[in-house]
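A.B. asks: This is the structure, below, for whatever I ask next.
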Amino acid sequence: MPADFNGQWVMVTNENFEDIMNAIDIDFATRKIARHLTQTKVIVQNGDKFETKTLSTFRNYEVNFTVGEEFEEVTKGLDNRTIQTLVTWDGDKLVAVQKGEKANRGWMQWIEGDLLHLEIHVEDKICKQVFKKKP
Ligand code: VLZ
């Protein structure tokens, strides 16, 4: 039984998101808006199959994947790059490796109690986000 990420998760903290946006060449004006957004993560999981939406008042980002199956991810509305993404389990943690123009790109996501933790990394930058499960 893999970990269960199903639900709606509302952002409570977001550290260094601007560094990540900078690293993927998001423009100044967009960064100034996006850094203050309260993101909501909506996850529908069926075993290893994930449908994920990151929602905000400014922009949304959707990505679907199956753990263990590499796929082409187009980061539409973010940096609009095409990358090769592979998500795997590390115990109960989801680990994504995103191969493309930017080195050391990926994220890790896991649950602790009613909190969802997400660490996003690009090059030498790390962003730490925490979301709380909607009851
Ligand atoms: O997260 O890939 O949770 O499965 C931010 C959108 C999306 C709002 C960040 C701001 C996506 C837009 C991070 C400003 C340019 C991500 C995965 C793990 C999705």
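No value in this document is a laboratory result; all are computed from the given coordinates. Not measured: the values here are computed from a predicted model. Methodologically, a virtual Cβ is constructed for each residue, glycine included, from the backbone with ideal geometry; neighbour enumeration extends over all protein chains shown.
A.B. asks: Sort Phe28, Phe50, Phe71 so that the residue with the fewest other Cβ atoms within 10 Å of its own Cβ comes first and the one with the most comes last. Kindly include the intermediate steps, with their values, before the conclusion.
C.D. replies: Working: Phe28 8, Phe50 19, Phe71 13.
Ordered by Cβ neighbours within 10 Å, fewest first: Phe28, Phe71, Phe50.
A.B. asks: Report the GluC sites (Glu not before Pro) located in segment 72-135 that are in a DSSP loop and have at most 12 other Cβ atoms inside 10 Å of their Cβ, or state none. Show your work: numbers first, answer last.
C.D. replies: Values: sites: Glu72, Glu73, Glu101, Glu112, Glu119, Glu123; in loops: Glu101, Glu123.
When the GluC sites (Glu not before Pro) of segment 72-135 are filtered for loop state and at most 12 Cβ neighbours within 10 Å, Glu101 remain.
A.B. asks: Determine, for each peptide in 76-85, 5-14, the mean count of other beta carbons within 10 angstrom over its residues, then list the peptides with the highest first.
C.D. replies: Highest to lowest by the protection proxy: 5-14, 76-85.
A.B. asks: Describe numerically, in nm with one decimal, the distance between label points set 7 Å from Cα along Cα→Cβ at Asp4 and at Val130.
C.D. replies: Simple spin-label model gives 2.3 nm for this pair.
A.B. asks: Report the charge-dipole magnitude of segment 1-104 in Debye, nearest 20, computed about the Cα centre from +1 at each Lys and Arg Cβ and -1 at each Asp and Glu Cβ.
C.D. replies: So the dipole magnitude of segment 1-104 works out to roughly 380 debye.
A.B. asks: Can you pull the Rg over Rh of the chain, Cα-only, Kirkwood?
C.D. replies: Radius of gyration relative to Kirkwood radius: 0.93.
A.B. asks: While we're looking at this one, here's another question. Full extension from Arg35 to Gln84: what is 0.36 nm times the residue separation minus their Cα-Cα distance, to one decimal in nm?
C.D. replies: Fully extending the segment from Arg35 to Gln84 adds 15.1 nm.
A.B. asks: Return the lysines within reach of Lys134: Cα separation strictly under 24 angstrom, same-chain partners fewer than 8 residues apart disregarded; answer none if there are no such residues.
C.D. replies: Partners within reach: Lys41, Lys49, Lys53, Lys93.
A.B. asks: Would you work out which of Thr85, Ile24, Thr52 lies farthest towards the positive end of the dipole of segment 13-117, given +1 charges on the beta-carbon of Lys and Arg and -1 on that of Asp and Glu, about the Cα centre?
C.D. replies: Farthest along the dipole direction, towards plus: Ile24.
A.B. asks: Starting with the fewest neighbours, write out His36, His117 ranked by other beta-carbon atoms found within 10 Å of each beta-carbon. Numbers along the way, then the final one.
C.D. replies: Numbers: His36 12, His117 15.
So the ranking, lowest neighbour count to highest, is His36, His117.
A.B. asks: Within segment 59-83, name every residue whose backbone N is under 15 Å away from a label modeled 7 Å from Cα of Val44 along the Cβ vector.
C.D. replies: 62-66
A.B. asks: Taking 8 Å as the Cα distance limit and 6 or more residues as the minimum spacing, I'd like the relative contact order of segment 1-125 as a percentage.
C.D. replies: 18
A.B. asks: Fewest Cβ neighbours within 10 Å first, please rank Trp89, Trp107 accordingly.
C.D. replies: With the fewest neighbours first, Trp89, Trp107 line up as Trp89, Trp107.
A.B. asks: Over the Cα atoms of segment 30-74, how large are the radius of gyration and the largest Cα-Cα distance (Dmax), in Å?
C.D. replies: Cα radius of gyration and Dmax of segment 30-74 are 12.7, 37 Å respectively.
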